[in-house]
1. Between A:Thr39 and A:Asp126, what FRET efficiency comes out of the Förster formula 1/(1 + (r/R0)^6) with R0 = 56 Å and r the beta carbon distance, rounded to 0.05?
2. Which order do A:Tyr76, A:Tyr26 fall in if you start with the one that has the fewest other Cβ atoms within 10 Å?
3. Roughly how big is segment B:43-138's charge dipole about its Cα centre, with Cβ charges of +1 (Lys, Arg) and -1 (Asp, Glu), in debye to the nearest 20?
4. Give me the number: length gained by fully extending A:Ala50 to A:Glu162, i.e. 0.36 nm times residue separation minus the C-alpha to C-alpha distance, one decimal in nm.
5. If you put +1 on each Lys and Arg Cβ and -1 on each Asp and Glu Cβ, how big is the dipole of the protein assembly as shown around its Cα centre, in Debye rounded to 20?
6. Return the Rg/Rh ratio of chain B with Cα-based radii and a Kirkwood Rh.
7. To make sure I understand the rule: partners must be aspartates and glutamates, Cα under 19 Å from the Cα of A:Lys156, and not fewer than 8 residues away in the same chain. Which ones qualify?
8. Quick one: which residues, 5 or more positions from B:Thr82 or on another chain, have an amide H under 5 Å from its amide H? H modelled 1.01 Å from N in the peptide plane, none for Pro or chain starts.
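Any read-out appearing in this document is the output of simple, stated calculations on the displayed coordinates, not a laboratory observation. Model, not experiment: these values are computed from the prediction. Virtual Cβ from ideal backbone geometry, glycine too; neighbours counted across all protein chains shown.
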Amino acid sequence: MTDHFCRFGIDRTFAVNRDELERRFYELQLQSHPDRHVTAEIARRDEALAESSDINAAYRTLREPLPRAKHLLELYGYPISEQKKVPQTLLMTVMEAQEKIAELEMATDRATKQRMAHELGAVAEDLETRRSAIDEERAKLAKDWDKAMHAAERTKLTAPEEEHLGRMAQLISERAYLETLHWSVQAAQEGKAAFIQH
Amino acid sequence: MAYSEKVIEHYQHPRNVGTMDPTDVNVGTGLVGAPECGDVMRLQLRINPDSGVIEDAKFKTFGCGSAIASSSLATEMIKGKTVDEAYAIKNTVIVKELNLPPVKIHCSVLAEDAIKAAIEDFKKKRETAGLAAVAVAA
C-alpha cells in the first residue's frame, strides 16, 4: 500500500504539523493538477488526473488524527479490520444497550418510556467515560511513539514496539464500537430511529 | 451511498430476527463485531444433535443496512444445512448475492465470522456438557 507520509515527505508519526502538511499538499497538487496538463497527450493527462485524486485522498487521510493513526498502523501491518480480539464484554455491552434502545422505541406507556430514557442516560454517561479513557490512553501512546525513531517495517520492530502498536490498534477498534453505540443512543434520546451509515 | 435493491429488501424485511435461549445445549450463539465500524451481530442456531442439521437460525444485528442484510441472508442460507456445510460458507457468496460494494465487504465477513462463532459455541457447549460431538461428514 502507498505510504502517504512518504509521499508527502513528512515523518511517519501520529502527530503531524498541519501547516506543513497543507503546504506539501499544495506543492504536490501544483505538480499534478489537471489544468497544468491540458496540452499534454491524453495518457499523460489521465495520469495527472489520477495522481491528483490520489493526493486528495492521501491528504484527507493525513489531515484527520483518526484516519492518520489507522494509516500508520496499517503501514506497520496492523489494519483495524483485523482487530478480531474485541472483548466479548464490550460486544455484550453494545448488545444490551441496543436492546434497551429497541425497548424504548417499542414502549407505549409513559412509565416504561421514562424508565428506559433514564437507563439510556446512564448508558450514555458510561459511554462517555469509556471513550475519554480510551482517548486519553491513545494520546499517551501516540506521544510516546512519536518521541523515538522507529524502523519502517513491522519485522524490524522490537517486541515492546509491536505491543505498543498492537494496543493502539485495539483501542481504535474499541472506540469504533463505542462511537456507533453512541450514535444510536443519541438518536434514541432524540426520539429518532437510528439509521446507521458509516 | 446507494444500496442494492436486495440489501434494501433485506433491510426493510429482515428474515429470522430474534433470540433463542443461549443456555440451551442445542443452541449455538455467535457474537461478533466489525472492528472498523463498530457494528455488532449476534447469530444463534438451533442444531439437531443427531443429524447435525441447522433447524433454525435467528439474528440480531446493530449496524448499517449492509450488515443487517448480510446477517438476514446468512440465516436464510444456513437453515437446513449441516453444521459442516454452514461452516464452509464463504463471505464471497453473500457479497455476490447482495451485490455489496467493496467498502461493505467487511459486513459479509462479519456474517461469515458469526456463523463460525455460533457453530464453535455449539460444539464447545456440547463438549463441556460431556455430550458426543456431532459427527457429520459434509
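1. The value I calculate is 0.35.
2. Ascending number of Cβ neighbours within 10 Å: A:Tyr26, A:Tyr76.
3. About 180 debye.
4. Taking A:Ala50 through A:Glu162 to full extension adds about 36.9 nm, to one decimal.
5. Values: 45 positive and 54 negative charges, 16 e Å.
For the protein assembly as shown, the charge dipole is close to 80 debye.
6. 0.98
7. List returned: A:Asp3, A:Asp11, A:Glu74, A:Asp144, A:Asp146.
8. B:Ile54
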